[in-house]
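Below: the structure, in structure tokens.
The values are calculated or read from the model by the stated rules, or taken from the named source; none is laboratory data. Fair warning: this is a prediction, and the values are worked out from it, not measured in the lab. Positions of Cβ are generated from backbone atoms using ideal geometry, with glycine treated the same way; all protein chains shown enter the neighbour counts.
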Amino acid sequence: MSLIKRIDQYNAGIPDNLRTFKWNALQESQFRFYRGTCHLFAEDFTKLYKTKPKVKTWNCGDAHFENFGSYKGDNRQVYFDINDFDEAFVGGPEAELTRFITSIIVAAHQMNVAHVKVHKAIHDIMEAYIGAIQKRKAMMMESEVAYGEFKKYFGQMSTLDRDVFIAKRTVKEKGVLRLKTDNKRYLPLDKDRKLVLFNSISPLLTSHPRYTQMVFEDAAIRIAGTGSLGQNRYCILFYSKKKGKQYLLDIKETRPSCFNEVNDIKQPRFRNDAERIISAGTLMQFAPPAFVVPLRIADKWYVIKELQPTSDRMSLEYFDQDFNRLTEVAKEMAALIAYAHLRSSGNFGTSTTDDLLRFTDKKQWQRDILEISGTLATKNQKYYKTFCEKQK
């Protein structure tokens, strides 16, 4: 099957206006294309890596460099961790590490980094993962233990203000606060769909402790992410009578993991994909984000979570073409992947910490996925070029 057919097939059913947003995003850069085509990675990795997994872990499924970021946990503390579990599945950790290491090579290609420098970086990243597993202890990253780039990052987060955050995304119309629809970040939502959203979420306002005494004020279509562009996604503006302030909630449609079609390991049973995504995040993160709950709207399931001023991903732009700085952060991210694997071990049939430790002692799989990561990064370059040429 051709590249374009593979992409079209995966994105079948996307409304035309959202398809335009996604296709434009995919053409933005090699890295953005990589972010938005995890299904291509899943298919290609499975074809290249023939070794049957010796251990099973929970995987977020899409552990590229920009799927790590800060968020406020349910305990109201700010953490830095993996922050996307849409593609979560149980399988060998090799796919997770390959997805991450490939993203570093793709970033290096984009920065025109010398091959020898990239070679050293990916070996150091692998060592960071192995070292974290061998310590047997799942740690976390928050402001009190942060250093280097992370200390600066948390320092920036501490300056963000909720009132400013809300003000940038809202406008007053006839004395009533509304979401600002700019046709870039937010698109207008008609009254009928707003009513469906309100009716779907209203049971939470009386039954869920996090949502009591909240008043629905407005809703809009939210444009965010890359891989999930095209799925239904909304932002809701609420006023909390209890707290006396506004909140923004992200409501994101769920779909099965793109690894479902290629992964032959039996998966845990969940009632719906929202439950799978939330369960994976709860197991893998040190603390789950605030306000995370599943929601059914019509015949589809969604994940709700709070949109916060402290929620931010560490993007490539943050490093201003400095690959050395990026590598130092990537090593810490590799450790966070290890912590997530340790933290979730022994759940839903995954391997124990002892099993993971024995696995990391083996060298062949490490050599294999470092080589495959390079192959997949080269494939991504070719895919990106082909995709862009077909759009002309």
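The table below lists the values:
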item: Segment 67-81, residues that are within 26 Å of Lys379 (Cβ to Cβ) and touching a helix residue (DSSP H, G or I) at 6+ places or on another chain (Cβ under 6 Å); result: Phe68
item: Arg76 being at positive phi and out of contact with any Phe, Trp or Tyr (no Cβ under 8 Å at 6 or more places or on another chain); result: yes
item: Among the residues listed as Ala287, Ala298, the single one being surrounded by fewer than 20 Cβ atoms within 10 Å (Cβ to Cβ), under 25 Å from Tyr247 (Cα atoms) and touching a Gly at 6+ places or on another chain (Cβ under 6 Å); result: Ala287
item: Of all residues making up segment 17-28, the number that are in a loop (DSSP other than H, G, I, E, B) and in contact with a helix residue (DSSP H, G or I) (Cβ under 6 Å, 6 or more places away or on another chain); result: 1
item: First in segment 116-132 and closer than 16 Å to Glu96 by Cα and without any contact (Cβ under 8 Å) to a residue 60 or more places away in the chain, second anywhere and surrounded by 19 or more Cβ atoms within 10 Å (Cβ to Cβ) and basic (Lys, Arg), Cβ under 6 Å, 6 or more apart; result: none
item: Test for Ala274: is it farther than 22 Å from Arg222 by Cα, among the hydrophobic types (A, V, I, L, M, F, W, C), crowded, with 17+ Cβ neighbours inside 10 Å and touching a strand residue (DSSP E or B) at 6+ places or on another chain (Cβ under 7 Å); result: no
item: Residue in segment 115-131 that is outside any helix (DSSP H, G or I) and surrounded by fewer than 16 Cβ atoms within 10 Å (Cβ to Cβ) present; result: no
item: Qualifying residues in segment 100-114 (those that are crowded, with 24+ Cβ neighbours inside 10 Å and among the polar types (S, T, N, Q)) - the one farthest from Leu326 (Cα to Cα); result: Thr102
item: Where a residue in segment 135-150 is at positive phi and its partner, wherever it lies, is charged (D, E, K, R) and surrounded by 14 or more Cβ atoms within 10 Å (Cβ to Cβ), with Cβ under 9 Å and at least six apart; result: Gly148/Arg325; Gly148/Glu328; Gly148/Glu332
item: Options Arg313, Arg296, Arg343; residue that is under 22 Å from Val78 (Cα atoms), at pLDDT 90 or above and among the charged types (D, E, K, R); result: Arg343
item: Condition check for Leu40: in the same structural domain as His109 (by TED's automatic domain parsing), closer than 24 Å to Ile101 by Cβ, out of contact with any Ser or Thr (no Cβ under 9 Å at 6 or more places or on another chain) and assigned to a helix (DSSP H, G or I); result: yes
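Residue-by-condition table, conditions (1) closer than 30 Å to Thr37 by Cβ; (2) at pLDDT 90 or above:
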| residue | (1), (2) |
| --- | --- |
| Tyr147 | no, no |
| Lys184 | yes, no |
| Asp190 | no, yes |
| Arg210 | no, no |
| Gln213 | no, no |
| Ala220 | yes, yes |
| Asn232 | yes, yes |
